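The values are calculated or read from the model by the stated rules, or taken from the named source; none is laboratory data. On a predicted model such as this, the values are computed, not experimentally measured, just so you know. Cβ coordinates were reconstructed from backbone atoms using ideal geometry, including for glycine residues, and neighbour counts include every protein chain displayed. Side chains included, ligands, DNA and RNA excluded: accessible areas come from the protein's heavy atoms. Shrake-Rupley method; radii C 1.70, N 1.55, O 1.52, S 1.80 Å.
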Amino acid sequence: MASQRLIRLPSEWPEDLRWLIEAYLETPSGRSVNALYSPRFLVGLPDTRKLVIWESGVKGWSERLQPKLRKLVGV
């Protein structure tokens, strides 16, 4: 496990975005030991407060999240 927390605790997030980290922490990935110790990319719908996509690391960003975002926005 990493030695330094990279993601702020929910109480440290801006109040209007706290739902996003709380939703992530309820997922299987969010319940993992390293959930707050490695970079995460979170995409949510603020109107419904629904977490849509989450990935971790550079590979997660480039190989999984970017293609999903392109498909989501129709690019």
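Expressed as a whole percent, the accessible area of the chain that falls on carbon and sulfur atoms is 54 (1.4 Å probe).
Rounded to the nearest whole Hz, the Karplus-based 3J(HN,Hα) values (6.51 cos²θ - 1.76 cosθ + 1.60, θ = phi - 60°) of segment 15-20 follow the sequence 4, 6, 10, 4, 4, 5, with x at glycine and proline. Surface listing: 20, 65 arranged by accessible area from highest to lowest gives 20, 65, probe 1.4 Å. Computed with a 1.4 Å probe over protein heavy atoms only, the accessible surface of the chain comes to 72 Å² per residue. Within a Cβ distance under 14 Å of residue 65, other residues only, what is the Lys/Arg minus Asp/Glu net charge? Result for the local shell: +4.
What dipole magnitude, in Debye to the nearest 20, does the chain give about its Cα centre under +1 on Lys/Arg Cβ and -1 on Asp/Glu Cβ?
In debye, rounded to 20, the chain gives about 300.
The alpha carbon gyration tensor of the chain gives principal lengths a ≥ b ≥ c with a/c of 1.5 or higher and a/b no greater than b/c, which makes the shape oblate. Taking θ as phi - 60° and the Karplus parameters 6.51, -1.76 and 1.60, the scalar couplings of segment 58-73 work out to 5, 5, x, 5, 7, 9, 10, 6, 4, x, 5, 5, 4, 5, 5, 9 Hz in sequence order, x denoting glycine and proline.
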